[in-house]
1. I'm trying to understand the selection: among the residues of region 81-120, which are at pLDDT below 95 and at positive phi?
2. Any residue in region 64-86 that is charged (D, E, K, R) and part of a strand (DSSP E or B)?
3. When you scan region 53-61, do you find a residue that is under 25 Å from HIS149 (Cβ atoms) and assigned to a loop (DSSP other than H, G, I, E, B), even just one?
4. Kindly provide the set of residues from region 38-52 that are part of a strand (DSSP E or B) and not aliphatic (A, V, I, L, M), ordered by number.
5. Can you tell me how many residues in region 137-148 are surrounded by 23 or more Cβ atoms within 10 Å (Cβ to Cβ) and either modelled with pLDDT under 95 or charged (D, E, K, R) (or both)?
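The values are calculated or read from the model by the stated rules, or taken from the named source; none is laboratory data. Because the structure is a prediction, the values reported are computed rather than measured. Neighbour counts run over all protein chains shown; Cβ positions are idealised from the backbone, glycine included.
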Amino acid sequence: MKYWMLLFAFLWVSYGTGMARKTEKVVNNGIPWFDDRGEIVNAHGACIVEENGRYYLFGEYKSDKSNAFPGFSCYSSDDLVNWKFERVVLPMQPSGILGPNRVGERVKVMKCPSTGEYVMYMHADDMNYKDPHIGYATCSTIAGEYKFHGPLLYEGKPIRRWDMGTYQDADGTFHSWGEEKQSGILNDYAILQYNNLVDKKHRIKNFFADISEKALE
């Protein structure tokens, strides 16, 4: 009898939790987000992309056991509150800069206006953060399986930068920003299509100071 009472209590709590997830209308701070499977949304260092009225969340599919790259995950939502797990869109690669015992982080996704492809950029490194690269992958659909192409090149050489970021200009040009670790200087690279670096536009020595001054104007 005790077994059946415990089972009933477990099923009732599970049912109630599931109903609460389905009808949730606000994001509650300080507690985990759960996806449509009832599992914690696993998307560390995430970016959000809006496409045709739906939001897509990309992030690092983290493990509690190691900081090694296991893959980038994708979730989707129409209200930024209730999230559906789509898939691990880019898993660990057999070798190379996103191979075993490597770091993959700071994932960014944009759409190339000239090809219609979705382009993913990321920071790749060794486990000691001594071998930085900016890598890229592409896919014909936003939440599909991305194909990894390796490091992004400038003048035929890999861009070896930490703490990278991206943005897309009004004319559709991609920009990738990366930090020179020793000097703290940020570099702004303009990107044509998704893999052809056409210009190293700026070396910004006092980037954060400039931003702070502008914010106070």
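1. Across region 81-120, the qualifying residues are ARG106, GLY116.
2. Yes: region 64-86 contains one or more residues that are charged (D, E, K, R) and part of a strand (DSSP E or B).
3. Yes: region 53-61 contains one or more residues that are under 25 Å from HIS149 (Cβ atoms) and assigned to a loop (DSSP other than H, G, I, E, B).
4. Hits for region 38-52 are HIS44, GLY45, CYS47, GLU50, GLU51.
5. 1
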